[in-house]
Amino acid sequence: MRKIFLGILVGMLAALAACSSIDRTPMPDATALSLPDATSIRQSGDLRITPLDILEINVYGVDDFDGTYQVDHVGRIKVPLIGEVNANSYTALELANLLETRLAESYLQSPDVTVRIVESRGEQITLEGSINSPGVYPVEGQLTLLQAIALGGGPSASANPRKVVIFRQIEGERHAAGFDLISIRNGEAEDPIVYGNDIIVMDGSEARAAYGDLLRTIPLLSFLLIL
């Protein structure tokens, strides 16, 4: 019995020692960045009109006004009787109110105008750093990080594809997360979705010249860092 008791005691001590050696640091959050503020804006109906958007405009009782209008490259539309109207940066409701005011000035009594954004072309991403063709690119449909980098011509010769940083506005604060492009290409890590207004920076000599040591402070595996 004494030997059995000693055996149990040794086993318990060994188990306790093993437990004390476990790293209890919380596991890193391997999920992507949270959705950006722009997504909440889109859902709330406050989406701003931008160049090349397609609008549907209806004026109650005046069929000649009803139709689909495309915003031109500088943000204007041509409306019957009124002529050119600047629609850039207005919400659909704000533009409807503006058209009602303009129509009421000379042409219609108590006009009732509705405006709907049929298709938005205003979402854009910015590619910076060690990219062959940095710049601003439109977001049409779902876009992943790999696809976004491809839009910019891929990493430049001096790029460090082991770190690509996404900067995103979330709940009024600027967040950032780093991703390993090589791991994503090899299927070892998830290819995150990017959204309009994201800023994507490829590490490398060009990026460090602009961002200094900031990129080095941002960890990989989608840690959230508030800047």
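FYI, it's all coordinate maths here, none of it is from the lab. Every value quoted in this text rests on a predicted model; they were computed, and no experiment measured them. Neighbour counts are summed over all protein chains in view; Cβ atoms, including those assigned to glycine, are modelled from backbone coordinates with ideal geometry.
Please compute the Cα-Cα pair-distance distribution of the range 48-119 with 10 Å bins starting at 0, giving whole percents from short to long. Binned Cα distances yield the sequence 22, 60, 17, 0. About its Cα centre, the range 122-226 has a charge dipole of approximately 280 debye under the convention of +1 per Lys or Arg Cβ and -1 per Asp or Glu Cβ, with nothing else charged.
Projecting the Cα atoms of 159, 145, 192 onto the charge dipole of the range 144-221, computed from C-beta unit charges around the Cα centre, puts 159 farthest toward the positive end.
Rounded to the nearest 0.05, the FRET efficiency derived from the C-beta distance between residue 133 and residue 86 at R0 = 25 Å is 0.20.
Seen from every direction in turn and averaged, the convex hull around the alpha carbons of the range 122-226 projects onto 6.3 nm². Counting beta carbons within 10 Å around each of 55, 151 and listing the fewest first gives the order 151, 55. Placing unit charges on each Cβ (+1 for Lys and Arg, -1 for Asp and Glu) gives the range 122-226 a dipole about its Cα centre, and among 124, 209, 181 the Cα reaching farthest toward its positive end belongs to 209.
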